[in-house]
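Quick notes on the structure that follows.
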Amino acid sequence: MKVLVAVKRVIDYNVKVRVKSDRSDVDLANVKMALNPFCEIAVEEAVRLKEAGTAEEVVVVSIGSKSCQEQLRTALALGADRAIQVDAQDQLDSLSVARILQKVAEEESADLILLGKQAIDSDNNQTGQMLAALMDRPQATFASEVVVEGDALKVTREIDGGLQTLSLKLPAIVTTDLRLNEPRYASLPNIMKAKRKPLDVKTPDELGAQLAGGVELLSVEPPAERQAGIKVGSVEELVDKLRNEAKVVA
Amino acid sequence: MSILIITEHDNQSLKPVTLSLVTAAQQIGGDIDLLVAGENAQPAAEAAASIAGVRKVIHADNAAYAHQLAENVSKLVVELAEGYTHILAPGTTTGKNLAPRVAALLGVNQLSDIIAVEAADTFKRPIYAGNAIATVKSADAVKVITVRGTAFDAAEASGGSATVEACDSVHQHADVSFVGEELAKSDRPELTAASVVISGGRGMGNGENFDMLNKVADKLGAAVGASRAAVDAGFVPNDMQVGQTGKMVAPELYIAVGISGAIQHLAGMKDSKIIVAINKDEEAPIFQVADYGLVADLFEAVPELESRL
């Protein structure tokens, strides 16, 4: 089985986000960037499938400017075999990304396509589902367990109120939730080895992918700040305030 | 304009989030139709028809829609999409699973988790886990949107008398099947729909101590949640997690017990109307967002709270 993993370069999750003073967007100048955490889980899952002998090859793909090669090298250091950068503007819309990934998946004849459930910058949670729709293939989003059973997958999904299990025939698209696995740290020898693994660069035109657009970002603002309230001295005072001041308790 | 809302239901009853979607649709303006796709979902369709302000309910009943698999329902929605300017789905795991699939088949982008309607084509939505709010404008002919339920008040569940129209179309994807599900059983309200939520953090010490919170919850009709630290420590199952990577809640009253207030937790509850924090560490960041803070040992304060309610 051949596994394709799509990854995204995003702001490091430990960095506090600041809005630009002209409110045009979030300020990403000189900010630490990293592999999106959910994408890292997707890479880890693919590498485990390879280590288990289920997958023969793990290919990672990222769409963006040359800087995303840094995150592709990270994925290679975690155990992916080769990488593809599709050279395009950063922050491309989800449908364009899904159309590009469709072309890559077809070119690679991937059996399983793994993606993070969402990127922690745009928080869209769309790309995997869109890709599955374009390819008319089954999807399992929010995956917390993936079991390969011949030419099918049994996937447990984290849904509101519990867990759901689906069976999907390959090729299929799976998006990862937080508890699917705990990604490893790349070792120094593997980081060195990753530098020599193949990394191809393609363009959306070469792939024959048509870009979409349609959504315009008008402005970005910081969220309303919450003011700290008061400290109460006792449970009695707390209950009194909730009853008589906030009126949220009968 | 006309708007199609994809309802969230368990065939027997409508989930409350559907009522919030009706409010969002009313703010957009235009005729409002509801789709109930399920199996033996007559009760849900009837409930949908009685919501005030609804023009028509489209009821598609077939085994293919029993578990609302995105592969099947997306094709049904695309078939029905003709003539609608907006298609709204809830920002739940079901809605998020479905809406992008619909958008891709229609050849348009999708707007996720809107929290405000600025105009029929302009919406506000949180990005970076709510650390920034984006205003976005869609030029697409049909706008496919998921709506964060807690950001909109519930519409009146009764008073309407919409017609119910049966739809016989069946779409069944051959390569996906439902195996099973394990839903947490509880008499308490669902976290995302509760008007009162009481959550415990690492300070609870162990899972048994959550019984103290359950007792307070029983008195307040509250749902019980947890911080990621409490979930990671194995105190409680992960479907109780409130936060950036768990459930987003915005109740009238949120009580945080033994929770320090990590950014990832605050992202999931800071839109609550009144926040109460009980923590023995007076430096805990949770106090910076709490309307009422009580610096106390939770093992004394929580039982006393229960007895005084």
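Normalised per residue, the accessible area of region B:191-309 is 38 Å², obtained with a 1.4 Å probe and no contribution from ligands, DNA or RNA. GNM remark for chain B: springs join alpha carbons under 10 Å apart, and the peak mean-square fluctuation among B:VAL170, B:VAL257, B:VAL179 falls on B:VAL179.
Share of Cα-Cα pairs in chain B beyond 24 Å, in percent? The share of Cα pairs beyond 24 Å in chain B comes to 55 percent. When the listed pairs A:LYS241/B:LYS215; A:LYS2/B:LYS247; A:LYS32/A:LYS202 are checked against a 28 Å cut-off, the alpha-carbon distance exceeds it for A:LYS2/B:LYS247. For the protein assembly as shown, the carbon plus sulfur part of the accessible surface works out to 46%, probe radius 1.4 Å.
Summed over qualifying helices (DSSP H, 4 residues or more, each -39500 (n - 2.57)) and divided by its residue number, chain A shows a 222 nm mean residue ellipticity of -8000 deg cm²/dmol. Taking the Cα centre of region B:118-249 as reference, the dipole from Cβ charges on Lys and Arg (+1) and Asp and Glu (-1) amounts to some 640 debye.
Report the Rg/Rh value for the protein assembly as shown, based on alpha-carbon coordinates and the Kirkwood definition of Rh.
0.97
When chain A is treated as a GNM with alpha-carbon contacts under 10 Å, the residue of A:GLN91, A:GLN227, A:GLN118 showing the greatest mean-square fluctuation is A:GLN227.
Beyond a 29 Å Cα-Cα separation, which of these cross-linked pairs lie in this structure: B:LYS124/B:LYS270; A:LYS117/B:LYS219; A:LYS20/A:LYS231; A:LYS20/A:LYS247; A:LYS117/A:LYS231?
Listed pairs above 29 Å: A:LYS117/B:LYS219; A:LYS20/A:LYS231; A:LYS20/A:LYS247; A:LYS117/A:LYS231.
Across B:GLY159, B:GLY268, B:GLY201, mean-square fluctuation computed from a Gaussian network of chain B (C-alpha pairs under 10 Å connected) peaks at B:GLY159.
Expressed as a rounded percentage, what relative contact order does chain A have, with Cα pairs under 8 Å and six or more residues apart? Value for chain A: 23 percent. Using the rule -39500 (n - 2.57) for each DSSP H run of four or more residues, divided by the residues of chain B, the 222 nm mean residue ellipticity is -7500 deg cm²/dmol.
Here's the picture: charge each Lys and Arg Cβ at +1 and each Asp and Glu Cβ at -1 in the protein assembly as shown, and of B:ASN279, A:ALA250, B:LEU21 the one pushed furthest to the positive end of that dipole is B:ASN279. Ranking A:GLN85, B:ALA44, B:ALA139 by how far each Cα lies toward the positive end of the dipole of the protein assembly as shown (charges on Cβ) leaves A:GLN85 at the top. Rounding to the nearest 10 and keeping the result within 0 to 90°, find how far the Cα-based axis of helix A:37-51 lies from the longest principal axis of chain A. Compared with the principal axis, the helix lies near 40 degrees. Placing unit charges on the Cβ atoms only, positive for Lys and Arg and negative for Asp and Glu, gives chain A a dipole magnitude near 520 debye about its Cα centre.
Would you mind finding the longest exposed-site-free stretch of chain B, with exposed GluC sites (Glu not before Pro) meaning DSSP loop and at most 13 other Cβ atoms within 10 Å? Longest site-free region, per DSSP loop and neighbour criteria: B:1-81. Toward the positive end of the charge dipole of region B:194-309, with +1 on the Cβ of Lys and Arg and -1 on the Cβ of Asp and Glu, the farthest Cα among B:VAL216, B:VAL257, B:SER227 is that of B:SER227.
Would you mind classifying region B:191-308 by shape? Square roots of the alpha carbon gyration tensor eigenvalues, ordered a ≥ b ≥ c; an a/c under 1.5 is rounded, otherwise it is prolate if a/b is larger than b/c and oblate if not. Here region B:191-308 falls in the rounded category. Where both bridge residues fall in the protein assembly as shown, DSSP classifies roughly 35% of the beta bridges as antiparallel. For the pair B and A, the buried accessible area comes to roughly 6600 Å² in total, with a 1.4 Å probe and the value rounded to the nearest 100. Expressed in units of 2.2 N^0.38 Å, where N is the residue count, the Cα radius of gyration of region B:2-167 is 0.95. Taking the Cα centre of region B:1-89 as origin and assigning +1 to Lys and Arg Cβ atoms and -1 to Asp and Glu Cβ atoms, the resulting dipole is close to 200 debye. As an equivalent ellipsoid, chain A spans semi-axes of 37, 24, 19 angstrom, where each value is the square root of five times an eigenvalue of the C-alpha gyration tensor, largest first.
The values are calculated or read from the model by the stated rules, or taken from the named source; none is laboratory data. The model shown is predicted, which means the values in this text are computed figures rather than measured ones. Cβ sites come from the backbone with ideal geometry, for glycine too, and all protein chains shown count toward neighbours. Quick note on the areas: whole protein, heavy atoms, side chains included, nothing else; ligands and nucleic acids left out. Shrake-Rupley method; radii C 1.70, N 1.55, O 1.52, S 1.80 Å.
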